[in-house]
Amino acid sequence: MYQNKYPVNILDCTLRDGGYYNNWDFEESLVKEYIQAINSSKVDYIEIGFRSLENNDNYGPFANVSDKLISKLKIKKNCSIAIMINTSEIIQSKLGIKKSLELLLNDKKKSPVTLVRFATHFNNIDDLKEIITITKKKGYQIAVNLMQCGGKKSAEIISASKKLSNLKDLDILYFADSLGNMDSNQVKEIIINLRKNWKKPLGIHAHNNQGKAISNSLTAVDNKINFLDSTINGMGRGAGNAETEFLLSEINDKLKKKYNTKKIFKLAVNKFQSLKNFFKWGQNSFYYLAAKNNIHPTYVQEMLSEKKYSKEKILKIIEHMKNIPSSSYNKDFLDKMLNLKKANEISFKWNNLNWCKNKNIVILGGGESIKPNLIMLNNFIKEKKPIILSLNYNYELLEKVHGVIVTNKFRFLTDSINYKKINKTIYTPNNIFSDDPNYKFYKNKIRQYSSKVQKDKFVFSKNSCILPNNLAFSYALALCNIGKAKKIYLAGFDGYKNNNVLQAEMIETINIYEKLKSVPLITITSSSYPIKKYKFFNDF
C-alpha cells in the first residue's frame, strides 16, 4: 500500500479558472482584496493566471500574466505562486519547444513564480519530456495537470502514470475532473491506478457540475492525495470548482489545519457573490445533464451567457449533443462538434463578389417591432423589391425571405429541423451543419463566406472578411458590402435595455461600421440603435 509522506496543500486558482467568465479581466480593487484574503488565509499556493505565447486584446492581464505584474501583487512569501501553461500551445508553436519556453519563462531567480503547471491532454504526454527538462533547468517546481481523466479506462490511467513517473524532473501530478462527472468511487479508482507508478505528490482539480467538487476533494484526501484546487465561491469554467471557503473549513476539521477563513468568507459572500449573480456559474440542471452525457461544460456556459436561449432550448440542444462527440471544447464550431473535417465534404464557396450589386437589402432581426408593422413592411417590400435576409430562422415574412444568415452553432441547433423544411439559401462563415441528421436535405443551399474576428475591425475581401465580433449582424453587413448592395434596410432591430451588454456591443458595432462610409444603414422599424430612420418612418 502507498505510504503518503507528503502534506496536503490547497491551491487557490480563482484568477486563473475564474477568468473564463470575465475574460481574466478582474477589477484592480477586487484583486487587491483577494490577495489580502489569500495572505490572511495562509493558503499554500495561489495560481495567478495563464502564461501564453499569444496576447489577446479582448482578455485581461491574467490571461497572460507577467512576472512584472505578479511582483506588484504583494503576495506573502509563505504562499507559493503558480501559473498555468497549455502544453498544446507549446507543442503546436512554430517556434519550437525551446524557443517557446524561453519566451514564456524567465529563469526562476528572476521570477516570483515557484510552480509551473502544464495543462496536458492524454495524447500530449509523450511530448512532455523536453518541456519539463527545460523548465526544470530554469529552476521551477513543475506540475502536470492531466485533463479529462473521467471515463478513461484503468489501463489508460495506469499507462499515463507509468510514462509520467519516468519524467524524473516532474514534481507534482494532477488529475482533472474536466467534465465534472466523477463520483467518489471514480476518484478513488483513479488515485489507486495513478499510484501504481506515481509515488510523488498527487493533486485533484475538481469541477462542480454535479455538486460533488467538495465531496470528491475530501474523498481524495482520504485516499492520500496532496494537492487540492479551489476557487473563491467556486468561480470557474462551466459550473465552477470546489469553493475555497468551504474546502478550507473542511480541511481544518478533517486534518486539524489552521487555515484562516474569516476574510475568505467575507470576500465570497460579498464581492464574489455579486460576480456569481451576474455570470451565473454554479451547479444547475444543465451542467448536471452535460456531465452525465460527457458534454464539455463550456458549451452550457456559452448558452447560459446568451440571453436569447430559453431553458427549453438549452435542454433541446443538450439532448441533441448527446449523440455528438462533445467532450472537447474549441472556439471554432466546426471543430467543436466533430473535431474532424469530413474527407468527402463538398465546397460551399461561391462567387460572392457583386452578388447583390445595386440591390436593396432588408435584414430581419428578431425584435417585436416586426409583428405590428407587417402591413407596412409588405408595402415596403412591394415598392423596393429588395433581397430579404433573415438573421437565423424567423417565422415573420418567411415566404418573402431569400436567405438565412447562420453564424452560431448553438442557435442553429435550436432551429435545425426548420432548415429541412424551407427552400432558402443559407449564408454562413463555416459549414457548421454537417453533424446534423437533416444535413442532407439542405446542404446544397449553403453559401460560405469565411470570417475571422479582430477587435474594432471591418474588412471585406473576396474570400473572407474581418469582423469586430461574432454577431450575425456583423456578418450580414459583410455579405452586403462584398456583394455591393445599394442600401441596407433593417427591420426588427429594436435594441436591448441600456444596461444589457448586447446593446452596448451592437452600438459599438454600428459605430465602427458607420466610420467606413460603406453601404448605408437605414432602419424601417423603431430602434434604439444610432441608425438613420427611413424617410417615411413617421408615416408608419
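The values are calculated or read from the model by the stated rules, or taken from the named source; none is laboratory data. Source: prediction; values computed, not measured. So basically every Cβ, Gly included, is an ideal-geometry build from the backbone, and we count neighbours across all protein chains shown.
Summary of computed values
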read-out	value
Tally of residues being more than 19 Å from Y45 (Cβ to Cβ) and touching a residue at least 60 places away in the same chain (Cβ under 8 Å) across region 240-271	3
Pairs where the first residue, in region 499-527, is under 16 Å from G367 (Cβ atoms) and in the same structural domain as L477 (by TED's automatic domain parsing) and the second is part of a loop (DSSP other than H, G, I, E, B) and at pLDDT below 90, C-beta under 6 Å, 6+ apart	L502/Y496; Q503/Y496; I522/Y534; I524/Y534
Check on N86, crowded, with 17+ Cβ neighbours inside 10 Å, more than 16 Å from D171 (Cα to Cα) and among the polar types (S, T, N, Q)	yes
Residues being in contact with a helix residue (DSSP H, G or I) (Cβ under 8 Å, 6 or more places away or on another chain) and of a type outside the set (V, I, T) - total across region 148-177	16
Count of region 140-159 residues which are of a type in the set (A, V, I, L, M, F, W, C) and in a loop (DSSP other than H, G, I, E, B)	2
Selection count, region 415-455, where residues are modelled with pLDDT under 85, in contact with a Phe, Trp or Tyr (Cβ under 7 Å, 6 or more places away or on another chain) and β-branched (V, I, T)	1
Sole exception among (1) over 30 Å from F278 (Cβ atoms); (2) crowded, with 16+ Cβ neighbours inside 10 Å for A472, by number	(1)
Restricting region 165-189 to residues that are in a strand (DSSP E or B) and out of contact with any Pro (no Cβ under 7 Å at 6 or more places or on another chain), the residue that is surrounded by the fewest Cβ atoms within 10 Å (Cβ to Cβ)	A176
Hits in region 253-285 - residues which are within 16 Å of the chain's Cα centre (by Cα) and in a helix (DSSP H, G or I)	F279
Only one of I192, I204 that is farther than 22 Å from V116 by Cα and either among the aliphatic types (A, V, I, L, M) or assigned to a loop (DSSP other than H, G, I, E, B) (or both)	I192
Candidates S215, S230, filtered to the one that is of a type in the set (G, A, S) and farther than 22 Å from L289 by Cβ	S230
Options K162, K94; residue that is in a helix (DSSP H, G or I), of a type outside the set (V, I, T) and either assigned by TED's automatic domain parsing to the domain that holds D183 or closer than 23 Å to I46 by Cβ (or both)	K162
Selection from region 1-35 of residues that are surrounded by 15 or more Cβ atoms within 10 Å (Cβ to Cβ) and farther than 30 Å from W198 by Cα	G19, Y20, Y21, N22, W24, F26, L30, V31, E33, Y34, I35
Of all residues making up region 128-175, the number that are acidic (D, E) and modelled with pLDDT under 95	1
Selection status of L479, surrounded by 20 or more Cβ atoms within 10 Å (Cβ to Cβ), closer than 30 Å to K420 by Cβ, free of Cβ contacts under 8 Å to residues at least 24 places away in the same chain and not assigned by TED's automatic domain parsing to the domain that holds E319	no
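The rows are residues; the columns are (1) assigned by TED's automatic domain parsing to the domain that holds T428; (2) outside any helix (DSSP H, G or I); (3) at pLDDT below 65.
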| site | (1), (2), (3) |
| --- | --- |
| K308 | no, yes, yes |
| L315 | no, no, no |
| L334 | no, no, yes |
| L340 | no, yes, yes |
| G367 | yes, yes, no |
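Yes or no, residue by residue, for (1) crowded, with 19+ Cβ neighbours inside 10 Å; (2) more than 24 Å from I446 (Cβ to Cβ); (3) modelled with pLDDT under 90:
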residue	(1), (2), (3)
N354	no, no, yes
I361	yes, no, no
I375	no, yes, no
N378	no, yes, no
K382	no, yes, no
K385	no, yes, no
I388	yes, no, no
